[in-house]
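The values are calculated or read from the model by the stated rules, or taken from the named source; none is laboratory data. Quick caveat: nothing in here was measured; it's all calculated off a predicted structure. Cβ: placed from backbone, ideal geometry, glycine included. Neighbour counts: every protein chain shown. Quick note on the areas: whole protein, heavy atoms, side chains included, nothing else; ligands and nucleic acids left out. Shrake-Rupley method; radii C 1.70, N 1.55, O 1.52, S 1.80 Å.
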Amino acid sequence: MGARETLFYDHVKIFVSGGKGGDGLASFRREKYIPRGGPWGGDGGRGGHVILHASSQLATLADFRYRRHYRAEKGGSGGTKNRTGRCGGDLVVRVPVGTLVRSADTGEVLADLVGDGHSVIVARGGRGGRGNIHFATPTNRAPAMAERGEPGAGLTLELELKLLADAGLVGMPNAGKSTLLSRLSAARPKVGDYPFTTLEPSLGVVRVEEGVGFVLADLPGLVEGAHAGAGLGHEFLRHIERTRLLVHVVDVGGLDPLADAALVEQEMALYGHGLASRPVLMAANKVDLPGAAENLVRLKERYPDREIFPVSGLTGEGLAELARGIARATKTAPAPVLETAPVQYRFEPRFTVDREGEGFRVRGREVEKHLAMTDLDNEEAVARFQRIMRIMGVEEALHEAGAGEGAPVFIGDSEFSFFDS
Ligand SMILES: Nc1nc2c(ncn2[C@@H]2O[C@H](COP(=O)(O)OP(=O)(O)OP(=O)(O)O)[C@@H](O)[C@H]2O)c(=O)[nH]1
Ligand SMILES: [Mg+2]
């Protein structure tokens, strides 16, 4: 097992957008001696999707600091002879395993990529516009219109990396958590003689014996009120939601270890999210310091049911026993329940009609999509757009909202006049 040291950059916002669908083509057969043949403009190709793909090769979201926009390729335009344009290429964006994906606008969870290879389409490519070959009717054998490609879906995502570790070190600032991680693994987190040395969690692999080991996470210190967001507590408590086991590090060389221990236990209980029922081992650290022996006795009296390991990050005393204890406990601890949520999209009404100044505004993905796909310089296309609006019930809704003849109707960036047909 190789050592792994990880600094976490655990929260990023990115913008993803599917490729636009290719435009449909309006064209007619032109052959010798046939002055005007039938329509033969083909459909545009579908735009590419943006796909997030969880990979165990990545450990952080750091790459996303430098690139925030991800746009898939657009579809090719339709060709003559009813040829369909080619599909835009999908854009596969790799994220670390354990990435939680939310919509930045609504906060809703869209996907929870907890397994290697899990992938999810986060932005669909637009449909290709249809070529004029589709619009021929008995009364209009030579339609000059074709659809434009549908714009790709676009949204801002919030990616959050949830730490996946077997055990997490928790405790008061300065208790010696980072020291223990650095002694137990090849990880080299910063150690300092002041509180809050650790600002971001880091991971290390602890090897106990051939083939037996576990991943240990070093977490920032907890302070009173951490469960409610005080200090760095809340920010990082989120990470330990995904550890099987907690190792509560108590500085028994400190002034009041029992008070410290009680505070940490209380913060964990108040945090919720199943933390209170997580198995906890205690590491009574700094046993090399004067007074530690008496404090250790008091700690054992106060927590008779806890397995307590006396250790010293300084001298190395008790570390092998602690590592074996953690390895044993992680084997029997159940995997934490992950809130896996399937990809889901927010329910929206098909469209809405609101007053806007003298007129009315129609909003809705579908309506705006049809508008975007309509070539407004083409009468036939506009007529078709109006038919669609009628069929969808937009006309009726405008009527009900009080729109009179000639009232301005706004859709997207366009303005129309309302005529009841
Ligand atoms: N005497 C003694 N000092 C220790 C021991 N373990 C850690 N220390 C010291 O305690 C101080 C804090 O150690 P850290 O490992 O940075 O503590 P931490 O819990 O990670 O602290 P934060 O990241 O601030 O929450 C450092 O000066 C360490 O050298 C120990 O077993 N004995
Ligand atoms: Mg630390």
Complete set of residues in segment 78-99 that are in contact with a His (Cβ under 8 Å, 6 or more places away or on another chain), among the hydrophobic types (A, V, I, L, M, F, W, C) and at pLDDT 90 or above: LEU91, VAL92, VAL93, VAL95
Quick one: in segment 206-221, of everything that is more than 7 Å from ligand 1 (Cβ to nearest atom) and under 26 Å from the mean Cα position of the chain (by Cα), which residue is farthest from ILE326 (Cα to Cα)? LEU219
Mind checking whether some residue in segment 264-278 is of a type outside the set (Ser, Thr, Tyr) and within 23 Å of ARG324 (Cβ to Cβ)? yes
Of all strands (runs of 3 or more DSSP E) completely enclosed by segment 186-290, which ones contain at least 3 residues that are at pLDDT 90 or above? 243-251, 280-285
Which residues, taken from segment 190-215, are touching a residue at least 60 places away in the same chain (Cβ under 8 Å) and under 21 Å from HIS11 (Cα atoms)? GLU200, PRO201, SER202, LEU203, GLY204
So, in segment 156-202, how many residues would count as being open to solvent by 20 Å² or more (accessible area, probe 1.4 Å), among the aliphatic types (A, V, I, L, M) and closer than 24 Å to LEU263 by Cα? 3
Check every one of the strands (runs of 3 or more DSSP E) wholly within segment 43-155 and list those with 1 or more residues that are touching an Asp or Glu at 6+ places or on another chain (Cβ under 8 Å) and either open to solvent by 50 Å² or more (accessible area, probe 1.4 Å) or of a type outside the set (Val, Ile, Thr) (or both). 50-55, 91-96, 99-103, 109-113
Sole residue being closer than 30 Å to ALA104 by Cα and within 16 Å of ligand 2 (Cβ to nearest atom), chosen from GLY154, GLY168: GLY168
Go through segment 173-185 and count every residue that is away from ligand 2 (no atom under 11 Å from the Cβ) and in a loop (DSSP other than H, G, I, E, B). 1
Only strands (runs of 3 or more DSSP E) wholly contained in segment 302-398 count here; list those with 3 or more residues that are open to solvent by less than 20 Å² (accessible area, probe 1.4 Å), modelled with pLDDT of 90 or more and farther than 30 Å from GLY254 by Cα. 359-363
Residue pairs qualifying under the 6 Å Cβ cut-off, at least six apart or on distinct chains, with the first in segment 165-186 being farther than 18 Å from ARG242 by Cβ and more than 9 Å from ligand 1 (Cβ to nearest atom) and the second being open to solvent by 10 Å² or more (accessible area, probe 1.4 Å) and not in a helix (DSSP H, G or I), are SER185/VAL205; ALA186/ALA3
Hey, does segment 109-118 have a residue that's in contact with a strand residue (DSSP E or B) (Cβ under 8 Å, 6 or more places away or on another chain) and at pLDDT 90 or above? no
Given (1) within 28 Å of LYS331 (Cα to Cα); (2) touching a residue at least 60 places away in the same chain (Cβ under 8 Å), number of the condition GLU147 does not satisfy: (1)
